[in-house]
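Chemist: Mind looking over this structure? Questions follow.
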Amino acid sequence: MEALRRIAVWTAAGAGLLALSAVALWRLDRAFPPPLPASLTVSTEVQDRDGQLLRAFATPDGYWRLATSLDQVDRQFVDMLATYEDKRFWDHKGVDVLALARAAGQFVTSGHIVSGGSTLSMQLARLIEPRDSRSIGSKIKQMLRAIQIERRLSKREILERYLTLAPYGGNLEGVRAASLAYFGKEPKRLTVSEAALLVALPQLPEKRRPDRNLQVAHAARDRVLTRMISAGLLGEREAARAALDDVSSLRRTLPAFAAHAAYAMLPKAVPGQPLRLTIRKSVQEGLEQVAKDAAAKLGPRLSVAMVLADARTGDILGEVGSADFFDASRSGWIDMTRVVRSPGSTLKPFIYGLAFEQGLVAQETLIEDSPADFSGYRPKNFDMGYQGDVSIRQALQLSLNVPAIRVLDAVGPARLTARFRRAGVMPVLPVNEAPGLAIGLGGVGVTLRDLVQLYTGLANGGKAHTLHDGTEPANTERSTATILDDQANWQVTDILSGVKPPEGAAQRGIAYKTGTSYGYRDAWSVGFDGRYVLGVWVGRPDAGAVPGLSGYVSAAPILFDGFVRSGLAAVPLPGKPAGVIRPKRDELPVTLARFGAGTDGLVQATPTEPAPTIIFPPDGARVDLDTNSADASPLVLKLQGGRAPFRWLANGKPLVGIDRRRTATWQPDGAGYSTLTVIDAAGRAASVKVFVE
């Protein structure tokens with residue numbers, strides 16, 4: 001009995017001692033936790049719409065350290081890493097006793113270190129808390145820290161932190177930075193040779209750097225391949241094929257696309273969270289190369305800016321602020337997509353669009369291209385010559401200045417700028433000046449982004465979308481506005497689709513317009529297909545004159561090259577809307593045969609009366625005429641101002657006869673939207689759009 005009593009006492013004492021030890025260890029663990037921040041200090045990443053890296057910024061201490069998850073890394077690489085460094089990683093609790101015993105035995109028998117016994121958890125402990133020496137005490141501290149780490153992190157989290165912090169030579173840390181620098185790709189799909197090299201580098205990162213010690217790196221990779229054979233992870237033939245692959249001695253720069261947008265995103269950075277743009281990396285890469293190649297051909301001090309947008313959403317898929325962000329001779333740091341410049345002739349399509357909308361012109365309407373005086377304003381054509389009588393289609397395709405100003409004088413500069421504002425574009429006018437006729441030839445300030453935003457309307461049936469790339473404030477509204485009705489929009493698009501491409505350009509089926517600002521300071525080209533809009537600006541950022549610069553010669557070839565090298569599939573231009581007609585010249589009614597002059601007394605004159613204004617129905621009205629009834633009553637039309645006689649048109653088709661009265665009647669042929677226009681004897685017009693129910 002006495003013996004049993006003693007055993008019980010010793011057992012209780014031992015249990016108590018173990019309990020006290022456990023409590024002491026628990027308190028020590030709580031009192032001296034491992035330095036495990038909730039998130040690591042990593043490089044700020046700017047990604048494209050699909051999560052691909054566009055640009056990274058080094059950490060404050062100067063390292064390229066990209067956050068890494070297991071989903072971003074090739075699974076075979078992870079298996080090779082665990083097999084080579086810590087084959088019982090998934091089973092131990094931070095320390096692999098068997099590996100330590102093996103390492104100790106090898107040291108005793110050989111007199112030097114043959115293999116290490118460090119687990120990946122111990123290596124992570126060393127990375128987050130670098131040791132001062134290689135003493136036994138430091139090793140014991142690593143083991144204790146590894147046990148602490150295993151208590152706090154899952155195996156997956158431990159691996160991810162190791163893959164983010166592991167050294168790969170120089171200022172490269174983590175497998176993503178290393179893979180991008182040495183192979184030019186993310187580590188999602190590595191070859192066997194590449195995976196083996198990345199496994200080998202962290203043990204001696206400086207000594208094995210392939211960009212400095214190629215032969216050493218090559219040998220280290222081969223040792224990993226040999227170990228994988230003995231571990232059964234690779235077959236001999238597979239490892240032999242991998243050993244034949246060259247090890248590149250090149251260290252690449254990390255991706256550095258969309259510099260201006262990336263820097264604009266930095267104020268929104270949150271530690272550990274990537275920033276996301278609407279840009280598509282493949283598109284951006286193609287456009288940047290186009291801009292760089294074009295600038296080299298154009299000559300010194302000239303730069304190129306480009307914006308490519310999805311007309312259906314307003315998403316910017318590619319934007320190049322300059323030919324080279326780091327080229328000081330071209331002021332590359334200036335984002336020329338946002339600088340206000342004169343747009344030259346690029347606004348002319350919208351002038352003609354308003355004229356189509358108001359029923360003032362058809363494509364084959366004749367208009368005079370000859371010297372003209374508009375109250376002291378005397379526009380001249382770009383080549384200083386005149387064509388005489390031309391069709392509206394020819395006038396726009398040839399970008400003739402005088403016909404465009406004749407049409408703008410009829411539709412009104414204020415109405416044009418109002419449409420721009422409706423579409424979210426605020427043209428910059430001279431201080432304290434109202435919109436004048438000069439805006440038709442570039443006498444107004446807009447940005448390249450403004451132009452592309454306006455042209456999204458042409459590519460999208462008249463509906464313009466606000467552009468966005470992700471750099472905007474979070475509360476920025478995304479809006480859609482009608483810049484032209486669908487019928488007028490199609491007429492303009494049809495004309496622009498017939499403009500001859502630059503010599504040598506690939507045929508793509510796009511509609512486009514060019515422009516050159518006064519004094520040869522800016523060359524523009526904006527084009528679109530059925531979905532995408534691309535705008536190009538060429539010039540000097542300091543607004544210096546460039547003799548010989550022009551939209552057709554300098555910017556249009558870049559436009560076509562940009563479409564091709566963007567990698568986007570061509571989308572056919574929109575089809576003709578229902579009810580749209582394109583009559584031949586001999587099919588035109590007399591009111592549309594020649595712009596600014598009709599018959600039966602409708603002749604151009606210098607007006608003294610105010611321009612005509614339709615007072616009923618008001619613009620945008622919904623009119624209930626019961627169009628399904630056989631005895632539906634006509635709509636009474638009323639106007640003020642203008643010089644009699646008057647010609648009324650409904651949807652571009654003239655009503656019967658002309659009248660000196662300021663009232664008329666119209667019998668709609670069905671429900672839906674209609675445009676009503678009146679033209680006075682001076683050729684001035686007014687229009688309203690109504691919905692008949």
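Derivation of every value follows stated rules applied to the coordinates shown; laboratory data play no part. Just so it is clear, the structure is predicted and the values come from calculations on it, not from any experiment. No Cβ is skipped: glycine too gets one built from the backbone with ideal geometry, and neighbour counts run over all protein chains shown.
Chemist: Calculate how steeply helix 214-230 sits against the longest principal axis of the alpha-carbon atoms of the chain, using the helix alpha-carbon long axis, and give the answer as 0 to 90 degrees to the nearest 10.
Modeler: Rounded to the nearest ten degrees, it is 70.
Chemist: Test of understanding: extend the Cα→C-beta vector of LYS292 to 7 Å, then name every residue of region 549-578 with backbone N under 20 Å from that spot.
Modeler: Correct set: 558-568.
Chemist: Right, next: Calculate, in nm to one decimal, what TYR518 and VAL636 gain on full extension: separation in residues at 0.36 nm each, minus their alpha carbon distance.
Modeler: Gain on stretching TYR518 to VAL636: 37.8 nm.
Chemist: Another question, then. Stretched out fully, how many nm does the piece from PHE691 to ALA243 gain, at 0.36 nm a residue minus the Cα gap?
Modeler: Length gained between PHE691 and ALA243: 153.8 nm.
Chemist: At 7 Å along Cα-to-Cβ for each site, give me the label-to-label distance between LEU127 and LYS380 in nm.
Modeler: 7.0
Chemist: Further question on the same structure: Considering the Cα positions of region 295-431, please state its Rg to one decimal place and its Dmax as a whole number of Å.
Modeler: 18.3, 51
Chemist: Given axes a ≥ b ≥ c from the Cα gyration tensor, I'd like to know whether region 44-244 is rounded (a/c under 1.5), prolate (a/b larger than b/c) or oblate.
Modeler: It is oblate, given that a/c is not under 1.5 and a/b is not larger than b/c.
Chemist: 222 nm [θ] for the chain, helices only, -39500 (n - 2.57) per DSSP H run of 4+, per residue, to 500?
Modeler: -10500 deg cm²/dmol
Chemist: Net charge around GLY515, counting only other residues with Cβ within less than 14 Å of its Cβ (Lys, Arg = +1; Asp, Glu = -1)?
Modeler: Once all neighbours under 14 Å are counted, the net charge is +2.
Chemist: Sticking with this structure for a sec: What is region 315-565 by shape, rounded, prolate or oblate, if you read a ≥ b ≥ c off the alpha carbon gyration tensor as root eigenvalues and call it rounded for a/c under 1.5, prolate for a/b larger than b/c, and oblate otherwise?
Modeler: Taking the square roots of the gyration eigenvalues as a ≥ b ≥ c, region 315-565 is rounded.
Chemist: Now for a separate question. Roughly how many nanometres apart are two label points built 7 Å out from the Cα toward the Cβ at SER329 and ARG212?
Modeler: Here the modelled spin labels are 3.3 nm apart.
Chemist: While we're on this one: Could you tell me the distance between the Cα centroids of region 501-531 and region 155-181, to the nearest Å?
Modeler: Using only Cα atoms, the two centres lie 46 Å from each other.
Chemist: Between 0 and 90 degrees, rounded to the nearest ten: what's the tilt of helix 2-31 against the longest Cα principal axis of the chain?
Modeler: Rounded to the nearest ten degrees, it is 30.
Chemist: Another question, then. Could you work out the local net charge near SER329, counting Lys and Arg as +1, Asp and Glu as -1, over the other residues with Cβ closer than 15 Å to its Cβ?
Modeler: Once positives and negatives cancel, what remains is +1.
Chemist: Moving on. What is the fewest-to-most order of TYR352, TYR63, TYR673 by other Cβ atoms lying within 10 Å of their Cβ?
Modeler: The order, fewest Cβ neighbours first, is TYR673, TYR63, TYR352.
Chemist: Could you give the length gained on full extension between GLU472 and LYS500, defined as 0.36 nm per residue of separation minus the Cα-Cα distance, in nm?
Modeler: Taking 0.36 nm per residue and subtracting the Cα distance, the gain is 6.4 nm.
Chemist: Restricting the calculation to Cα positions, tell me the Rg (one decimal) and the Dmax (whole number) of the chain in Å.
Modeler: Both quantities, over Cα of the chain: 36.6, 138 Å.
Chemist: Now a separate question. When the Cα centres of region 368-425 and region 58-91 are compared, how far apart do they sit, in Å?
Modeler: Centre-to-centre distance over Cα atoms comes out at 64 Å.
Chemist: When we measure straight from the Cα of LYS281, which lysines land under 27 angstrom away, once same-chain ones fewer than 8 places off are left out?
Modeler: The qualifying lysines are LYS185, LYS188, LYS268, LYS292, LYS297, LYS463, LYS513.
Chemist: Would you list LYS500, LYS576 from fewest to most Cβ contacts within 10 Å?
Modeler: Final ranking by Cβ density, sparse to dense: LYS500, LYS576.
Chemist: What distance in nm separates the simple spin-label points at GLU587 and GLU157, each placed 7 Å from Cα in the Cβ direction?
Modeler: Result: 7.4 nm between the two label points.
Chemist: In straight Cα distance, which lysines are under 21 Å from LYS93, not counting same-chain residues fewer than 8 positions off?
Modeler: LYS139, LYS141, LYS155
Chemist: Can I ask one more? Roughly how tilted is helix 448-459, in degrees to the nearest 10 and between 0 and 90, from the longest Cα axis of the chain?
Modeler: Its long axis makes an angle of about 70 degrees.
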